[in-house]
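Trainee: Mind having a look at this structure? Questions to follow.
The values are calculated or read from the model by the stated rules, or taken from the named source; none is laboratory data. The structure presented is a predicted model; accordingly, all values stated were derived computationally and were not measured. Positions of Cβ are backbone-derived with ideal geometry, glycine not excepted, and every protein chain shown enters the neighbour counts.
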Amino acid sequence: MTVPEHLKHDVESMPDAPGCYLMHDRRDRIVYVGKAKSLRARVRQYFNGHDHRAFVAQIDPVVRRIEWVVTQTEKEALLLESTLIKKHLPRFNLNLKDDRRFLLLRIGRDHDYPRVEAVRRKKADGARYFGPYDSAGQLRRTLRILERHFQLRSCTDGEFKRRKRVCLDYEIGRCSGPCVLPVSQEDYRHDVDAASQFLRGRPAPLKRLLKTRMEAAAEALEYERAGRLRDELQAVEYSLERQSVVLGTTEDLDIIAIRADGDQATAVVLTVRGGALQGKHVSVFDRMHLPQDELLRSFLLAYYDPEGASSEVPPTILCDWKQNSEVMLSWLSDQRAGASVRLYRPRRGSKSDLFQMAEKNAEQELSRHQTRRSERSRALADLARVLRLEAPPLVIDALDISTFQGRQTVAGRVRYDEGKRDPNGTRRLKIDGADAGDDFSAMKRAVKRFYGAHPDELPDLLLIDGGRAQLGAVVKAFEEIGLRQPVIVGLAKSRRLTDGRGFDGASVFGGNQEGRSPERLFRPHRKNPLRTRPEDPGMALLIRMRDEVHDTAIRYHRQRRQKSIKRSVLDDIEGVGPQRRRALLRHFGSVEGLRRAQLQHLRKVPGISAALARRIMLALNQQTSE
């Protein structure tokens, strides 16, 4: 392979220095970011036949220019590479930025009484993060333990500041009530530290805490409470006995295994804390044309990044590392505030058994992913057959409108890429003005807004939630904006039938009975729906997309309605200005608390007269009835 003419100048002018190189496509989008000890030598490998990675063969048709950034050291190049990948999300690089399965617990450091909360993204904000958790259920169970035993607050900082009375969490023993009660900062910090130790897999602080509370309850002659604490202590000890102890020591380590087949790959991380297996995290990647060594390097950079999935870098990482370790170990050490990190593949003993278990898990997860991808491919092929397309529709968008009597009208869009939901393709849109009261006008407005200004986002197939009328509105919208029409279909919900006949005259059940027609799939300029079955893989995919876009639109509509209700309660009442609104919220905590208040309670708020209190109650009652 020789250097293409349009890249010769870029390649020949590369300096013999460490740095990062960025490859751009015809639209000047960055498609690949790499780092090198010598930029000149590394980039030339793409064209002299020494680089055998699968995507290198695609360089000529894809890459139009190459730029570079020189750094002082190879380590600086590694740091810059990580930053550029997170910023630009190149298609040929591995990144975990949009892996929404990451679930973490966060305990802040920027408050005298830090809160504990569930988050999906780690930020470099100095807070303590714990996880990742594989499921929301596992995270909720952990949160319940923290609330029950350590009584850390979960309210937002705004709620904490406004609250004047203790909340329900305090009443049921799940919060110490620092927002209102005189809880010392030292005692609260002690509970935070104990909770942090527990989340790191060290249960001794929890056992000590339960034992101390049990003895205090017994001394106070609160025998029933002491008995409950004793039972909880025994349950914790029993749970610890059942925990899978995999090492004879109390080491902290991660085991990482990666398996790849073609352009698909999976990474499995087994987390061991205190010598016990704490959990497993799985990442799945499509269209990854990288060799296994580079996959592992890219995964380590993304997973242990300060904003990545892992809450901490352990002192030992077991993986199949075959490259020069100096730069990577230095970077990992920086993430541990200078503490050393070991990075190696074990060859014998219990750690070798653990690594083999991680490899087996990675193989199983890859097999499961390939099965699911095969099912998605069958669904797309079935759609091509039903719609008589030359090729399967790889990118499919679904649109829906949600409104209530022409108010708070919104449009929603979901996108599927190769049969899989693309979170970045979800869009929501407010529709105001004259179009808001007419579903067809609203759909036309949505099409123009979604695609008129962004013609490069046109899908291969556009699914509309509706029948012939909605399809007509969409076709007209494309004609008015002068855009090429994608393949458009409308999916109408099943309808009630009473004469035993379907839409095409075929019998769907016995005569003189009631029932429902199947879901109906329409094409523009065609009177009758296409013949399909709900169990067909293509039809099942469209039904799932229709239901998802419906949920997306209706959730946004309800958010706007709730916001409108709250705004009208506080802002549309004569005599309630910004100061009185703040006074009401500070006194009652929220609009819901205000709604539950009695008339005499309203009069106790400074600045609220008897007449104004009655107006507020009347407005609240009217909103509730609506």
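Trainee: Please go through region 515-556 and pick out each residue that is within 13 Å of ALA492 (Cβ to Cβ) and assigned to a strand (DSSP E or B).
Mentor: Answer for region 515-556, where residues must be within 13 Å of ALA492 (Cβ to Cβ) and assigned to a strand (DSSP E or B): ARG516, ARG520, LEU521, PHE522, LEU530.
Trainee: Name the one entry in GLU365, GLU312, GLU359, GLU307 that is among the acidic types (Asp, Glu) and in contact with a Ser or Thr (Cβ under 6 Å, 6 or more places away or on another chain).
Mentor: Exactly one of GLU365, GLU312, GLU359, GLU307 is among the acidic types (Asp, Glu) and in contact with a Ser or Thr (Cβ under 6 Å, 6 or more places away or on another chain), namely GLU365.
Trainee: Listed residues LEU94, LEU84; which is hydrophobic (A, V, I, L, M, F, W, C), assigned by TED's automatic domain parsing to the domain that holds ALA36 and either surrounded by fewer than 18 Cβ atoms within 10 Å (Cβ to Cβ) or touching a residue at least 24 places away in the same chain (Cβ under 8 Å) (or both)? Write out each step before concluding.
Mentor: Values: LEU94 fails: assigned by TED's automatic domain parsing to the domain that holds ALA36.
Among LEU94, LEU84, only LEU84 is hydrophobic (A, V, I, L, M, F, W, C), assigned by TED's automatic domain parsing to the domain that holds ALA36 and either surrounded by fewer than 18 Cβ atoms within 10 Å (Cβ to Cβ) or touching a residue at least 24 places away in the same chain (Cβ under 8 Å) (or both).
Trainee: Does region 105-133 hold any residues that are surrounded by fewer than 16 Cβ atoms within 10 Å (Cβ to Cβ) and at positive phi, and which are they?
Mentor: Listed by number, the list holds a single entry, GLY126.
Trainee: Is there a residue being farther than 27 Å from ALA127 by Cα and either outside any loop (DSSP other than H, G, I, E, B) or in contact with a Pro (Cβ under 6 Å, 6 or more places away or on another chain) (or both) anywhere in region 297-314? Spell out how you get there, then give the answer.
Mentor: Keep residues of region 297-314 that are farther than 27 Å from ALA127 by Cα, which gives none.
No.
Trainee: Across region 319-364, which residue is surrounded by the most Cβ atoms within 10 Å (Cβ to Cβ) among those that are in contact with a strand residue (DSSP E or B) (Cβ under 7 Å, 6 or more places away or on another chain) and of a type in the set (Asp, Glu)?
Mentor: Only one residue fits best here, namely GLU359.
Trainee: For LYS322, which of the numbered conditions (1) in a loop (DSSP other than H, G, I, E, B); (2) not assigned by TED's automatic domain parsing to the domain that holds ALA257 fails to hold?
Mentor: (2)
Trainee: So in region 394-407, with the set limited to residues that are surrounded by fewer than 22 Cβ atoms within 10 Å (Cβ to Cβ) and either of a type outside the set (D, E, K, R) or not assigned by TED's automatic domain parsing to the domain that holds SER441 (or both), which one is nearest to the chain's Cα centre (by Cα)?
Mentor: VAL395
Trainee: Further question on the same structure: Can you spot a residue in region 314-322 that is β-branched (Val, Ile, Thr), touching a residue at least 24 places away in the same chain (Cβ under 8 Å) and over 20 Å from HIS281 (Cα atoms)?
Mentor: no
Trainee: Take THR316 and tell me if it is touching an Asp or Glu at 6+ places or on another chain (Cβ under 7 Å), more than 28 Å from ARG202 (Cβ to Cβ) and either surrounded by 17 or more Cβ atoms within 10 Å (Cβ to Cβ) or assigned by TED's automatic domain parsing to the domain that holds VAL33 (or both).
Mentor: no
Trainee: Please return the ranges of strands (runs of 3 or more DSSP E) entirely within region 362-471 where 3 or more residues are of a type in the set (D, E, K, R) and in contact with a helix residue (DSSP H, G or I) (Cβ under 8 Å, 6 or more places away or on another chain).
Mentor: 407-417, 427-430
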